[in-house]
Amino acid sequence: MPNLKTAGYVERAAFAAQVLEKIVPKVAASIGVDPAVLDSEVTPGGYLLKTNASLQTEAALDDATADRLAAAFGYIFHQHSVLVSRLDDSGGSTGFVTVRFPKDTLDAAVAQRFFEKADAVEKGLGGGYTAFGDEQIFLNVVDGNGKSYSGLDNAAFLDGLKRTAASFGPPAPQVSDSGTAAARFIGNDWDKAPKGQDYAARLGGAGSPTVTALDVIATEYAGLVSASAAHYGWNR
């Protein structure tokens with residue numbers, strides 16, 4: 001799709017809303033999770049100083065089920081990785097900071113401005129964020145060796161976001177929460193596993209009932225992508 005890179009946030013959000021309605025519940029059901037227990041939204045999400053429409057899901061799931069759900073989403077949506085996190089986990093090693101904005105003021109444009117401002121205030125804060133409602137959440141995720149991808153320790157990470165919030169506006173946000181979280185990436189190396197084998201292994205392997213069900217959903221998702229590409233001109 002040669003013109004996908006030119007697609008604006010509104011178009012991407014409209015497509016994501018269709019995915020949320022038509023695909024996400026089926027993915028959840030395929031691994032035995034009742035879609036009704038998921039609180040999913042199309043929200044701004046940031047990665048490397050770029051904001052895009054993203055799907056975020058909250059649910060009270062045990063770790064094994066959460067990882068399987070992440071693998072199922074990654075398998076269907078061809079993601080390199082899916083972030084699983086649990087905030088306020090005293091045993092976690094990932095620092096988190098929640099920045100709350102006045103009611104109904106956090107949209108994609110505001111989130112992107114704050115994202116850019118944070119990186120200007122403290123290099124390392126432009127790695128990524130998620131958003132729910134009026135909250136923009138930053139995670140100081142660490143690698144397998146316990147080293148943060150941001151290059152900042154949790155105290156510096158928090159301080160940088162406090163300074164950003166104090167100098168940002170309008171709208172004027174505030175740091176409303178911080179602490180440690182459990183966070184991990186569930187991923188697939190598509191170069192080495194082009195059929196999503198890393199994800200499939202978490203779901204019973206190729207040919208298992210779960211993966212077979214997901215393959216049917218993947219066909220439906222591909223049709224949705226094709227229809228949206230034709231509608232928005234992404235394939236021209």
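The values are calculated or read from the model by the stated rules, or taken from the named source; none is laboratory data. The shown structure was predicted, so the numbers you read here are calculated from the model rather than taken from an experiment. All Cβ positions, glycine included, derive from the backbone under ideal geometry; neighbour counts span all protein chains shown.
In the range 85-126, the qualifying residues are those that are among the aromatic types (F, W, Y) and within 16 Å of the chain's Cα centre (by Cα), and the one that is farthest from N52 (Cα to Cα) is F96. Here is the figure for the range 74-84: residues that are buried (at least 21 other Cβ atoms within 10 Å of the Cβ) and under 29 Å from N154 (Cα atoms) total 2.
Yes or no, residue by residue, for (1) at pLDDT 95 or above; (2) among the polar types (S, T, N, Q); (3) at positive phi:
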{"site": "V24", "(1), (2), (3)": "yes, no, no"}
{"site": "I31", "(1), (2), (3)": "yes, no, no"}
{"site": "P35", "(1), (2), (3)": "yes, no, no"}
{"site": "E41", "(1), (2), (3)": "no, no, no"}
{"site": "L48", "(1), (2), (3)": "no, no, yes"}
{"site": "S54", "(1), (2), (3)": "no, yes, no"}
{"site": "A66", "(1), (2), (3)": "yes, no, no"}
{"site": "A70", "(1), (2), (3)": "yes, no, no"}
{"site": "G74", "(1), (2), (3)": "yes, no, no"}
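Among the residues making up the range 131-190, those that are in contact with an Asp or Glu (Cβ under 6 Å, 6 or more places away or on another chain) and small (G, A, S) are G160, G179, A181, A182.
Within the range 85-104, the residues that satisfy the criterion of being surrounded by 15 or more Cβ atoms within 10 Å (Cβ to Cβ) and over 22 Å from N145 (Cβ atoms) are L87, V97, T98, V99, R100, F101.
Can you find even one residue in the range 60-77 that is among the polar types (S, T, N, Q) and closer than 27 Å to V10 by Cβ? Taking every residue of the range 60-77 in turn, none turns out to be among the polar types (S, T, N, Q) and closer than 27 Å to V10 by Cβ. Inside the range 163-191, residues that are more than 17 Å from T130 (Cα to Cα) and basic (K, R) make up a count of 1. Test A183 against the criterion of being over 19 Å from E122 (Cβ atoms), surrounded by 15 or more Cβ atoms within 10 Å (Cβ to Cβ) and not assigned by TED's automatic domain parsing to the domain that holds S85, and give yes or no. Judged against the criteria, A183 is not a match. The criterion of being of a type in the set (V, I, T), under 12 Å from G95 (Cα atoms) and either in the same structural domain as D89 (by TED's automatic domain parsing) or modelled with pLDDT of 95 or more (or both) does not hold for V121. Does A60 satisfy the criteria of being under 24 Å from T212 (Cα atoms), small (G, A, S) and without any contact (Cβ under 8 Å) to a residue 60 or more places away in the chain? It is false that A60 is under 24 Å from T212 (Cα atoms), small (G, A, S) and without any contact (Cβ under 8 Å) to a residue 60 or more places away in the chain. Within the range 22-53, the residues that satisfy the criterion of being exposed (fewer than 15 other Cβ atoms within 10 Å of the Cβ), without any contact (Cβ under 8 Å) to a residue 60 or more places away in the chain and more than 17 Å from the chain's Cα centre (by Cα) are A29, G32, D34, P35, A36, V37. Across the range 85-107, the number of residues qualifying as at pLDDT below 95 and either assigned to a loop (DSSP other than H, G, I, E, B) or farther than 22 Å from D153 by Cβ (or both) comes to 7.
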